[in-house]
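What follows is a short report on a single structure.
The values are calculated or read from the model by the stated rules, or taken from the named source; none is laboratory data. Note that this is a predicted model, so its numbers are computed, not measured. All Cβ positions, glycine included, derive from the backbone under ideal geometry; neighbour counts span all protein chains shown. Side chains included, ligands, DNA and RNA excluded: accessible areas come from the protein's heavy atoms. Shrake-Rupley method; radii C 1.70, N 1.55, O 1.52, S 1.80 Å.
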Amino acid sequence: MEAGALTVGDDASALRRWREWANQRPAQVALGILALLVLVMVIAKGVHEVAETGLAGLSTGAIYALGAVGLTLVYGILKLVNFAHGDFLTFGAYMAYLMNVTWGIPLAVAILWAMATTAALGIVTEKVMWAPMRAKRAGLLQLVLMSIGLAFLIRAVIQFGWGTDVLSLDVNNTATVHFLGLSIGRTQLITIVIGIVVIVATGLMLRWTMLGKRMRALSDDLDLAETTGIDTSRVILYTWIFSGSLAGLAGVLAGANLSLQPELGFTLLLAIFASVILGGIGDAFGALAGGMVLGLVTEWSTMFIDSRWKLAVGFVVLILVLIIRPQGIFGKAKVV
């Protein structure tokens, strides 16, 4: 009897220690699970199909990640759930269309214009809407309703200016690139390269620059950051510039790979929110990782199910992660 009790106790203790180890290393555990899934898919479908579908997943994930990092920074610093963020992506895409198609300017220049104008949109909304509402200590419900109203306003302006027809940027979506026996659309490859470069640069900026450190300080505790002498108003303004420019870039990349319509950003918004929650709400590094993971998982799922249901698979993964770790992969547990 005592031997049996000892065995059960040892098993429970070992399981507890394993859970503690996994809880302290969520990124490593997530990476290990992802590697195991890749191994299973390679056995089932072969290396070529998994790798080629993975490239498409990296393209989708880059768009999700770029959209998610701005959204999570705004939430982390201002505690604002910005439902208009998807329409910021749409705005950026249409600004690029204005230069690239209407004015005939190369897309590379149009991307910079889209990033600048979307950042300007963020500054305007901060000055006109969010800063006055913070001064009046508006509640969460009022801010959410305002962000939803802003989303409809941006969409209505786009519909007024360009109509509801499906438009396209001046890109060649039929051209393909072949390397290592794999094929990928040239636009998708450019999206991956731009996305990875910007994601790495974003991570380095947040980790090593003074602005990035101040952004993370405000995200941890805005009041405490203010008492230490940080100019919170300026950091908040830079946060909107940063968030808007990345949203504009994500919108252009989405428009280049898909097509332009007033609901473009809205169709991506749920996936962007899922990326934020998957990585850990308020954690910029988590949003970057969450976006890439969600893009890969959704595209890999098309090897087994109809592509119409791929986003649902992403949300199944999100639910499973939240059941196991409610704060997300990189998030920290908080007591309310």
Report task. Report, by chain and number, residues whose modeled amide H sits under 5 Å from the one on T176, excluding near sequence neighbours (fewer than 5 apart, same chain). Result -> R186
Query raised in the report: Carbon and sulfur together cover what percent of the accessible area of the chain at a 1.4 Å probe radius?
Result: 68 percent
Report task. Could you work out the mean projected area of the convex hull around the alpha carbons of the stretch 207-297, in square nanometres to one decimal? Result -> 6.8 nm²
Query raised in the report: Can you work out ³J(HN,Hα) from phi for every residue in the stretch 167-177, in order, using Karplus 6.51 cos²θ - 1.76 cosθ + 1.60 and θ = phi - 60°, giving whole Hz and x for Gly and Pro?
Result: 10, 9, 6, 7, 10, 9, 7, 9, 5, 10, 10
Query - From the C-alpha gyration tensor of the stretch 245-336, square roots of 5λ in Å - result: 24, 18, 10
Query raised in the report: Which helices of the chain meet both criteria: a Cα extent of 30 Å or more along the helical axis and a mean Kyte-Doolittle score no lower than 1.0, with helices taken as whole DSSP H segments?
Result: 47-78, 140-162, 186-208, 232-257
Report task. Would you kindly calculate the translational diffusion coefficient of the stretch 33-89, applying Stokes-Einstein with the Kirkwood radius from alpha carbon pairs, for 4 °C and a viscosity of 1.567 mPa s, and quote it in µm² s⁻¹ without decimals? Result -> 95 µm²/s
Query raised in the report: Given springs between every Cα pair under 10 Å in a Gaussian network model of the chain, which of L237, L167, L140 has the largest fluctuation?
Result: L140
Query raised in the report: Taking a ≥ b ≥ c as the square roots of the eigenvalues of the Cα gyration tensor of the stretch 113-264, is the shape rounded (a/c under 1.5), prolate (a/b larger than b/c) or oblate?
Result: oblate
Query raised in the report: Tally Lys/Arg at +1 and Asp/Glu at -1 over every other residue whose Cβ is under 11 Å from the Cβ of G57; what's the total?
Result: -1
Query raised in the report: How would you classify the stretch 98-154 from its alpha-carbon gyration tensor, with a ≥ b ≥ c the square roots of the eigenvalues: rounded for a/c under 1.5, else prolate if a/b is greater than b/c, otherwise oblate?
Result: prolate
Report summary line: For the chain, inverting the pair-averaged 1/r of distinct alpha-carbon atoms gives a Kirkwood value in Å of 21.2 Å
Requested in this report: With a/c under 1.5 counting as rounded, go ahead and sort the stretch 230-280 into rounded, prolate or oblate using the C-alpha gyration tensor (a ≥ b ≥ c being the square roots of the eigenvalues; past the cut-off, prolate if a/b is larger than b/c, else oblate).
Outcome: oblate
Query raised in the report: What per residue convex hull volume, in Å³, do the alpha-carbon atoms of the stretch 46-148 yield?
Result: 130 Å³
Report summary line: Summing +1 per Lys or Arg and -1 per Asp or Glu among the other residues with Cβ less than 14 Å from N82's Cβ gives 0
Requested in this report: Within 10 Å, count the other beta carbons around each residue, average over each peptide in 53-63, 115-125, 241-251, and list them highest first.
Outcome: 241-251, 53-63, 115-125
**Report entry** Residue-averaged [θ]222 nm for the chain, counting only DSSP H segments that reach four residues, each worth -39500 (n - 2.57)
**Finding:** -25000 deg cm²/dmol
Query raised in the report: Accessible area per residue of the chain at 1.4 Å probe, in Å²?
Result: 51 Å²
Query raised in the report: What is the percent of Cα-Cα separations in the stretch 77-116 that go past 13 Å?
Result: 53 percent
Requested in this report: Whenever you get a sec, line up Y94, Y64, Y75, Y238 from highest to lowest accessible area (probe 1.4 Å, protein heavy atoms).
Outcome: Y238, Y75, Y64, Y94
Query raised in the report: Among residues other than L253 whose Cβ falls under 15 Å from its Cβ, what is the net charge (Lys/Arg +1, Asp/Glu -1)?
Result: 0
Report summary line: One finds the C-alpha centres of the stretch 216-286 and the stretch 117-136 to be spaced, in Å, by 14 Å
Requested in this report: With the convex hull built on the Cα atoms of the stretch 164-220, state its orientation-averaged projected area in nm².
Outcome: 7.4 nm²
Query raised in the report: What ranking do 185-192, 65-72, 280-287 get when scored by the average of other Cβ atoms within 10 Å per residue, highest first?
Result: 65-72, 280-287, 185-192
